[in-house]
1. GLY3 fails exactly one of the following numbered conditions: (1) at pLDDT 65 or above; (2) part of a helix (DSSP H, G or I); (3) not basic (Lys, Arg). What is the number of that condition?
2. Please name all residue pairs, on different chains or six or more residues apart, with Cβ atoms under 6 Å, provided the first residue is in region 16-40 and is closer than 27 Å to LEU65 by Cα and in contact (Cβ under 8 Å) with a residue 12 or more places away in the chain and the second residue is aromatic (Phe, Trp, Tyr) and in a helix (DSSP H, G or I).
3. Go through (1) closer than 25 Å to TRP14 by Cβ; (2) more than 17 Å from the chain's Cα centre (by Cα); (3) surrounded by 13 or more Cβ atoms within 10 Å (Cβ to Cβ) one by one and return the number of the condition LEU65 breaks.
4. Modelled with pLDDT under 90, surrounded by 10 or more Cβ atoms within 10 Å (Cβ to Cβ) and under 35 Å from the mean Cα position of the chain (by Cα), is that true of ARG82?
Amino acid sequence: MLGILCYWFRDNFWLATVIGNAVWQLGDAVVHIRQIIVANNWAPNNAGVTLYTDVGIPIVLTVLLVIARRQVSEGAAHHHHRVSGANRPEARAAATEVRVVSAVTRRPSSQVGTH
């Protein structure tokens, strides 16, 4: 399932992983609950920690994915803000001025040490 989802999501491998894990574990949880209802199966490996983790892990992974996505988008917005500030006309003019001044003040290599 993950391999097929990665074909469409390519750069979203974590999304595909969370979806694949959630489908698998929530499917297991449905079977455990069905066993509890139909067969009155309250065995620890059916109704205990296993059932809780089958529901809890997909929730935790989804929350972590949302947090990670928000941090990436905030980081991209912060980076874009810094880059766009460097592209302001006054910033470009100052950079050009520095290049011109340094080019004018440099002496050709043939004049170095001729004093």
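1. (1)
2. Partner pairs satisfying both residue conditions: ALA16/PHE9.
3. Answer for LEU65: the failing condition is (2).
4. Working: modelled with pLDDT under 90: yes; surrounded by 10 or more Cβ atoms within 10 Å (Cβ to Cβ): no; under 35 Å from the mean Cα position of the chain (by Cα): yes.
No; evaluated as a whole, the condition is false for this residue.
The values are calculated or read from the model by the stated rules, or taken from the named source; none is laboratory data. None of these values were measured; they are calculated from a predicted model. Here the Cβ is made from the backbone with ideal geometry for all residues, glycine too, and neighbour counts use every protein chain on show.
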